[in-house]
Amino acid sequence: MGTYRCLKCGKTVSVDLRFEKVRCPFCGYKILVKMRPPIIKSFKAR
Ligand SMILES: [Zn+2]
């Protein structure tokens, strides 16, 4: 699974990477940019 954002309508789309064709389900746009998952830094400060 990957989270992508449509360049056209700006919606966030969760796409299973097993599917080759990635397309925005909202507007049908083919160009989606991959969004990085939020990195939670959990090191201890002391
Ligand atoms: Zn779209």
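Annotations
- Neighbour net charge for K8 - beta-carbon separation under 12 angstrom, K R +1, D E -1: +4
- Column: log10 I(q)/I(0), Debye, Cα scatterers of the chain, q = 0.18, 0.21, 0.29 Å⁻¹: -0.53, -0.65, -1.06
Every number here is computed from the coordinates shown, using simple stated rules; none is lab data. These figures come from a predicted structure and were not determined experimentally. A quick note on method: Cβ atoms are made from the backbone with ideal geometry, for glycine too, and the neighbour counts reach across all protein chains shown.
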